[in-house]
Each structure stands twice: as C-alpha cells, then as structure tokens.
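Asks: Have a look at this one before I ask anything.
The values are calculated or read from the model by the stated rules, or taken from the named source; none is laboratory data. For clarity, every value in this text was computed on a predicted model and none was experimentally measured. Cβ placement follows ideal geometry from the backbone for every residue including glycine, while neighbour counts extend to all protein chains displayed. What goes into the accessible areas is simple: the full protein's heavy atoms, side chains included, and nothing from ligands, DNA or RNA. Shrake-Rupley method; radii C 1.70, N 1.55, O 1.52, S 1.80 Å.
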Amino acid sequence: MLSITATALADTRPMLTEEATTAAAGTLVLEAGAEVIASEPNFLTGRKRDRWEAPLLRLVFSPAANVEMDLEWVGWVGVRNDPDFGSVSDQGDVSLRAKVRFVDGGQRRATLGARFRVSLPETSFGNGLGPNVLRMAADLLLSKPLGRATLHLNAGLLIHDEVLRPHEQRDFFAYGVAVTRPLGARAELVGEIAGRAGDGMPGADARSEARAGVRWRAGRVRWDAALRRGLAAADGTWGLTAGLAWTMRPGR
C-alpha cells in the first residue's frame, strides 16, 4: 500500500488533481507523457477538431521534505482536421509551480498543503491552438486516507486573462476531486473530476474533465495511462493520456 507520508513519491500523472503529499528532500523526478482528445471546439470558430499535446515534460524537485517545485513544458500542441485551419501545430506553454505541505497526516489523518502556479504563454493564438495569455492560480490541497483508498481535494482561485479583450480577465473557481486505490503491490487505480467553474469567455472558458486510469511501478519508473472525458461545452469528447515518471534521484 502506498504511504501518505513526507517520504512518499508525490507525483500527479495522469491526474490533474494535485496530491497534498510531498516527496523526500532531494528527490528529483522527470515526468513525460502525451495527450489527445477528440472533437474539441476551436475557441475562435466553435468548430470541432482533434487536439494532441506531446511531449508533456515536467521536472519536479524537492528542496525540502515539505516543498516541491516544478517546471513544466508542453513541447508541442497540434490539431488535426480543423475545418478552417487544417492540421496545424506550435510550441506549447511553460508552467511554474510551487507546493508546500503544511500538515503531514501520515497514514490515518488528512495531509494539508497549498500550491501556486503560473502559466506563461507560448502557443499561437491565430488559429485557435492556445489562448496566448497569462494564467495563474493558488490552490489549497487535501489528501485523506479512506481505508485502502485515498481522497484528494483541490480548491482555489484561477485568474485567466481574456483572449479577445485586452486588459480584461476571468476569475474561476479551480477544483479537483480524485480517488486513488492500490491494486496489488505495484499498481494503483486513479479517478478524478477536475476543472474550473465560472463565467467564461471564448479562449478563457469554464472547463471540466473526468479521468480514470492506472499507474504501475517498475523500479524507479512509474508508468500511467488514463481515459479522458470532457464534461464542459469547451472540452472535447473522449481522449487518452499516457506517460511515465522517472525518479532520477531518490530523496534522503
């Protein structure tokens, strides 16, 4: 059974919901993956296309037992068969995150933490690939053991610059609800609903997505795969995500 302690490997893939736990001091993890979803509306035209992102790269470092800092880069973003723009692609955005664990609940009580994140625009706006605006958020995190399963909750504020009106922004309630459960000694089932709720605009839309999948470990590598289902009008329909997390340097 995976332990909910400060020495746990607190990775997130393939979930969007962040765990409140943190890895041991000195831990260095490289995550890599890819995502695809069908029939996502283009926020400029409203017409649907298939969207993919790869590679999704994330480097996570724990300078202390209760702190994690990570740098994420979406290497490339593309769409297939857009009715207006065809098949186009561009570089993805860069995100910076910092997570602090305030309370370590161990294997019985709740673990509490917080996370700050900012996404820097890189992806082209002109064909509807990306909003090309600044986004930032602050979240409270909770992870609570429930028997053999663990419940993870995120709640916070997300500020998203508008795409079509300069000097305007949209404020969203950012949320995530996830459950993880061990499946044998090496595997783990994961499921979640995560997104942002509020009064959106094209390019700065409210979003919601459900994911269900599995993670399994083999030495220092943990593989993952999950089925995606968009739940909001701005999301696609069905999709997949898959990847891995490689512990480059274990903590102490």
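Asks: Can you pull out the residues in the range 71-90 that are open to solvent by 80 Å² or more (accessible area, probe 1.4 Å) and either under 14 Å from GLY130 (Cβ atoms) or of a type in the set (Lys, Arg) (or both)?
Replies: TRP73, TRP76, ARG80
Asks: Residues of the range 179-189 being more than 15 Å from GLY147 (Cα to Cα) and at pLDDT 95 or above, which ones?
Replies: Residue satisfying the conditions is ALA187 alone.
Asks: Go through the range 1-59 and give me each residue that's under 14 Å from the mean Cα position of the chain (by Cα), over 30 Å from THR237 (Cβ atoms) and modelled with pLDDT of 95 or more.
Replies: Those that are under 14 Å from the mean Cα position of the chain (by Cα), over 30 Å from THR237 (Cβ atoms) and modelled with pLDDT of 95 or more: ALA20, LEU59.
Asks: With the checklist (1) in contact with a Phe, Trp or Tyr (Cβ under 8 Å, 6 or more places away or on another chain); (2) buried (at least 20 other Cβ atoms within 10 Å of the Cβ); (3) free of Cβ contacts under 8 Å to residues at least 40 places away in the same chain in hand, flag the one item ARG117 doesn't pass.
Replies: Answer for ARG117: the failing condition is (1).
Asks: With SER119, SER143 as the choices, which residue is modelled with pLDDT of 95 or more, of a type in the set (S, T, N, Q) and within 20 Å of PRO166 (Cβ to Cβ)?
Replies: SER119
Asks: Scan the range 225-241 and report the pairs whose first residue is over 17 Å from VAL190 (Cβ atoms) and charged (D, E, K, R) and whose second residue is in a loop (DSSP other than H, G, I, E, B) and open to solvent by less than 10 Å² (accessible area, probe 1.4 Å), with Cβ atoms within less than 6 Å and a gap of 6+ or a chain change.
Replies: none
Asks: Another question about this same structure. Suppose we filter the range 89-117 for residues that are aromatic (Phe, Trp, Tyr) and under 23 Å from LEU56 (Cα atoms); how many remain?
Replies: Here the count works out to 1.
Asks: A further question follows. Closer than 30 Å to LEU151 by Cβ and at pLDDT below 95: is that true of GLY106 in this structure?
Replies: Yes: the conditions hold for GLY106.
Asks: Hey, any hits in the range 53-67 for a residue that's within 22 Å of GLY126 (Cβ to Cβ) and either out of contact with any Cys (no Cβ under 6 Å at 6 or more places or on another chain) or open to solvent by less than 40 Å² (accessible area, probe 1.4 Å) (or both)?
Replies: Checking the range 53-67: at least one residue is within 22 Å of GLY126 (Cβ to Cβ) and either out of contact with any Cys (no Cβ under 6 Å at 6 or more places or on another chain) or open to solvent by less than 40 Å² (accessible area, probe 1.4 Å) (or both).
Asks: So, one more: Would you kindly identify the strands (runs of 3 or more DSSP E) lying entirely within the range 193-252 that contain at least 2 residues that are over 19 Å from ASP70 (Cβ atoms) and open to solvent by less than 30 Å² (accessible area, probe 1.4 Å)?
Replies: Result: 207-218, 221-230.
Asks: Oh, and also: Determine whether ALA178 is surrounded by 18 or more Cβ atoms within 10 Å (Cβ to Cβ), touching a residue at least 12 places away in the same chain (Cβ under 8 Å) and touching a His at 6+ places or on another chain (Cβ under 6 Å).
Replies: yes
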